[in-house]
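Colleague: Have a look at the structure that comes next, please.
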Amino acid sequence: MKRILTVLIALVLLPFMASAQSGVQNLEYQMPPDEVASIVDAPPTPGVSLSPTREWMMLTERASLPGIIDLAQPELRLAGIRINPATNGPSRSAASIGLRLVDMETGQEFEVSGLPEDAAISNLSWSPNGNYFAFAHTTLSDIELWMGSVSDRSVEKVEGVQVNDSYYGSSISWHPSSDKLYVRTVPAGRGDVPVAELAPRGPNVQENIGRSAPARTYQDMLASSHDENLFEYYFTSQIAEVTRADHSVREIGEAGILRGVSPSPNGEFIMVAFTDRPFSYTVPASRFPLRTEIWDNDGRVVETVAEVPLQDEVPIGFSSTTTGPRSITWRNDAPATVVWVEAQDEGDQRIHVDTRDIVYMHQVPFSGAPSVLARLENRYSGIRWGHYDLALITERWYDTRNERLWRVSPENLRGSQQLVWERSYEDIYADPGSPEMRTNESGYSVLVTDESGFGIYLTGQGASDEGNRPFLDRYDIMTDETERLWRSESPNYEFVVTLLDNEAERIITRRESVTEPPNYFLQNMSDGSEIAIPRFEHPNPDLRDVHREIVSYERADGVPLTGTLLLPPGYDKETDGRLPLVVWAYPREFRSADAAGQRSDSPYRFNNISYWGPQWLITQGYAVLDAATMPIVGEGDQRPNDTFIEQLVMNSEAAINAVADMGIADSDRAAIGGHSYGAFMVAHVLGNSDLFKAGIARSGAYNRSLTPFGFQREQRTIWDDTDLYITMSPFFNAHNINNPILLLHGEEDNNSGTFPMQSERLYQALQGLGGTARLVMLPHESHGYRARESVMHMLWETLTWLDTYVKHAEVQTAASAR
């Protein structure tokens, strides 16, 4: 009987095995088994957006996966940005298809009426008073502006406005009065699209004479003067002021390549940021020259804050930054004060200075010199505004993982910079949490403070050896005292979404359990009562009882590791025996072994069986160890990548042994998989061990000579350490990749470093060396795969590969021998 079953399985797998040996194939999109396809097609859980006053919740209904025809629409790739020229908007964004309002007091839901047919909603934006909202609606030929009223629960189109949603940031900005909004629009009469000359007038030339201009590996850069003309044509916008009451439209100021439009908190000025020439062919638009101006409400220039030149000489390093004013914003709690940061070390982390960054502020209209808000020894990382006597500034330094939080008094600067805490930000067990924020009457984010003005509220994941237990604390900045107000309790995983008042008497939380999907609750902290708002159902009720547990184990050098183990429905190891195992992981770097061994998960998270990760494989008879930790540790003078491969192999061996020692996994039938840097990991593990029968590598990079100025968290260049780059390149070790590897890649991958060529070249190397490999290039797909056809085919390829070379490895070997 066993021999008959073996022959039958071999016959089923034979077409795939034969095609894998035949080179180029013309293959139509394939479908996985029905139980897998149903996971892909399950209705998506709606998105959630809270009004500034927290009185209303907007549920944004999401569409299922688009078809490949949607991804095949026209696309321009200009300076790192991809747009649809037909609409003047992003080419690959996910839109919402419906809206529902939820009353936060009662939990009652209301349909929003008047929505456009075949709605494609994006840029949903609440008015500061929470009574109105606006959004962009994408059609086949343009992007429309729509506005809605909470009281009417209805929307209507604003005629005569064509939104330009091609560039960075939101295209819609509300005025603090809630009576009008500013919209980036396509300029009227902008003319025809620039057309490239059939015959070029000459070559495209770039030149560098003595400048040091290193750059990471960017894609979709400008490459010709025609590209420059297209960039200017499509990204040039005109600001339109749209009055809410009567939908009247007024153009304000000059048209230009608008990178940001932001009214002052008092509503008297507008901060406008323009991208200017010269452009670059080596860095993305975010590094192009930036001019920031302050206008009055009629578009007249009141102040020029900064004119920052092209930033194509930023030194390599994660604590290096641009020169000149950066992070230019309004002070959220003041009428009209501009705040910015300037590096004091030329933006170069290699230069040693006592002060790295200075934070400045200047009230509009400018008079005299700007005030110094803070001097920072490390790199500025953000600011949270509170009131005239309180703001919190964070600084960080990557190499040491050091973080400092400072308290400053914006209206009483002398001696006001006081250290609140200093810590290692990779030590998650000691994380005190992040301050809770609220939206003020101007629509800007400020700290939630108690009646003293110096009691703030901190929320965090509450990581510990027992798993994450999110919390809410009250922290007194003046006394350094902390009071625990709330903590997530088993058998749920729950965290605070927002506070509804300054005393934390009412809070909104999001709660889930292993069998119940995330839902929102309004909790009264005084009497313990709660209201569910709204109620989301399980997306795959047939998989509600899938076994899931957090497995803890150690690698050979004693570093603690964890992974999430999922088992097929109804599995019993006593009767079903050992299962083939799939380990799915993503390597992460740490500067200490203690931090690397800290848990960052919870046994009470919802058991969501996703098609994107490996979880769906439990429906096909596999044990899955998902999110298996793959720490790469470099302590002291040693850097993590100095022993990258050795640590990967240790991690992998420990993962297999952990599930095998439980009597669940068959260690001789194990596979490893990952996406992006996880795919890079797969190729390394297969090339440096025989732990796994096969590997699944999606959208990876395998030749580090193609990313010479650094990759992932590596700051050294190929010229700093050539041997490291060779060692860290699976391409140069392809002759040792002896077990089967499936390479999947989007043909239009624009992620930094993961050129489609990376998978193509590794496949060619393996083919030339006689290895067992399959290369699947997905048309129109980028770094992640979005089209339904692509996703279904990815799952079919993955399952067929694993069934062939892992689950039925002995059958495959026997069939190949015949």
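The values are calculated or read from the model by the stated rules, or taken from the named source; none is laboratory data. Just so you know, these numbers come straight off a predicted model, no measurement behind them. So basically every Cβ, Gly included, is an ideal-geometry build from the backbone, and we count neighbours across all protein chains shown. Each accessible area value is taken on the protein alone, full model and side chains, heavy atoms only, with ligands, DNA and RNA left out. Shrake-Rupley method; radii C 1.70, N 1.55, O 1.52, S 1.80 Å.
Colleague: Return the loop-located GluC sites (Glu not before Pro) in segment 79-125 (DSSP other than H, G, I, E, B) with at most 15 other Cβ atoms within 10 Å of their own Cβ; answer none if there are none.
Modeller: E105, E117
Colleague: While we're on this one: For a quick protection proxy, order the peptides 274-287, 635-648, 784-797 by their average other-Cβ count within 10 Å, most packed first.
Modeller: Final packing ranking: 784-797, 274-287, 635-648.
Colleague: Express in Å², to the nearest 10, the accessible area of D333 obtained by rolling a 1.4 Å probe over the protein heavy atoms while all chains stay in place.
Modeller: 40
Colleague: Grab the other residues whose beta carbon is less than 12 angstrom from that of V359, score K and R as +1, D and E as -1, and report the net.
Modeller: Here the charged neighbours net out to +2.
Colleague: Also, I was wondering about something else. Please give the net charge around D427, taking every other residue with its beta carbon less than 11 angstrom from that of D427, where Lys and Arg add +1 and Asp and Glu add -1.
Modeller: Taking every other residue near D427 into account, the sum is -1.
Colleague: Further question: Once you have a ≥ b ≥ c as the square roots of the Cα gyration tensor eigenvalues for segment 105-243, tell me rounded if a/c is under 1.5, and otherwise prolate or oblate according to whether a/b is larger than b/c.
Modeller: Verdict is prolate for segment 105-243.
Colleague: Kindly rank 649-660, 669-680 from highest to lowest mean number of other beta carbons found within 10 Å of each residue.
Modeller: Ranked from most to least packed, the peptides come out as 669-680, 649-660.
Colleague: So which aspartates and glutamates can K157 reach, going by Cα to Cα under 20 Å and dropping same-chain residues fewer than 8 places off?
Modeller: Of all the aspartates and glutamates, those that pass the test against K157 - Cα under 20 Å, at least 8 places apart if same chain - are E61, E111, E117, D118, D142, E144, D165, D179, E241, D246, E251.
Colleague: Just the accessible area for L485, please: 1.4 Å probe, Å², rounded to the nearest 10?
Modeller: Its heavy atoms expose roughly 50 Å² to the probe.
Colleague: If the reach is capped at under 14 angstrom between alpha carbons, list the aspartates and glutamates near K573, excluding any in the same chain fewer than eight residues apart.
Modeller: D661, D666
Colleague: Still on this structure, I have one more. Once each part is reduced to its C-alpha centroid, what is the distance from segment 56-73 to segment 256-302 in angstrom?
Modeller: When both Cα centres are located, 31 Å separates them.
Colleague: For the chain, report the accessible area per residue in Å² (1.4 Å probe, heavy atoms, rounded to an integer).
Modeller: So the chain comes to 43 Å² accessible per residue, rounded to a whole number.
Colleague: Another question, then. So, counting K/R as plus one and D/E as minus one, what does the shell of residues with Cβ under 12 Å around D527 add up to?
Modeller: For residues surrounding D527, the net value is -1.
Colleague: Beyond 22 Å, what share of the Cα-Cα pairs of segment 449-595 remains, rounded to the nearest whole percent?
Modeller: Result: 59 percent of Cα pairs exceed 22 Å.
Colleague: Still on this structure, I have one more. Please report the spacing between the Cα centers of segment 528-582 and segment 358-425 in Å, no decimals.
Modeller: Their Cα centres are 44 Å away from one another.
Colleague: When the accessible area of segment 106-209 is split by element with a 1.4 Å probe, what percent falls to carbon and sulfur?
Modeller: Accessible surface attributable to carbon and sulfur in segment 106-209 totals 47 percent.
Colleague: While we're on this one: On a C-alpha basis, how far is the centre of segment 687-745 from the centre of segment 764-809 in Å? Whole number, if you could?
Modeller: Spelled out, the Cα-based centre of one part sits 18 Å from the other.
Colleague: Shape of segment 412-502 from its Cα gyration tensor (a ≥ b ≥ c, root eigenvalues): rounded if a/c is under 1.5, otherwise prolate when a/b > b/c, or oblate?
Modeller: Oblate is the answer for segment 412-502, as a/c is 1.5 or above yet b/c matches or exceeds a/b.
Colleague: When the accessible area of segment 336-426 is split by element with a 1.4 Å probe, what percent falls to carbon and sulfur?
Modeller: Carbon and sulfur atoms account for 42 percent of the accessible area of segment 336-426.
Colleague: How big is D, in µm² s⁻¹, for the chain by Stokes-Einstein at 37 °C and 0.692 mPa s if Rh is the Kirkwood radius over C-alpha pairs?
Modeller: After rounding, the answer is 112 µm²/s.
Colleague: How large is ³J(HN,Hα) for each residue in segment 348-361, as worked out from phi by the Karplus curve 6.51 cos²θ - 1.76 cosθ + 1.60 (θ = phi - 60°), to whole Hz, x for Gly and Pro?
Modeller: Along segment 348-361, the couplings run 9, 5, 7, 7, 8, 9, 6, 10, 7, 9, 10, 9, 10, 8 Hz.
Colleague: Next up: Would you mind classifying segment 712-776 by shape? Square roots of the alpha carbon gyration tensor eigenvalues, ordered a ≥ b ≥ c; an a/c under 1.5 is rounded, otherwise it is prolate if a/b is larger than b/c and oblate if not.
Modeller: Oblate is the answer for segment 712-776, as a/c is 1.5 or above yet b/c matches or exceeds a/b.
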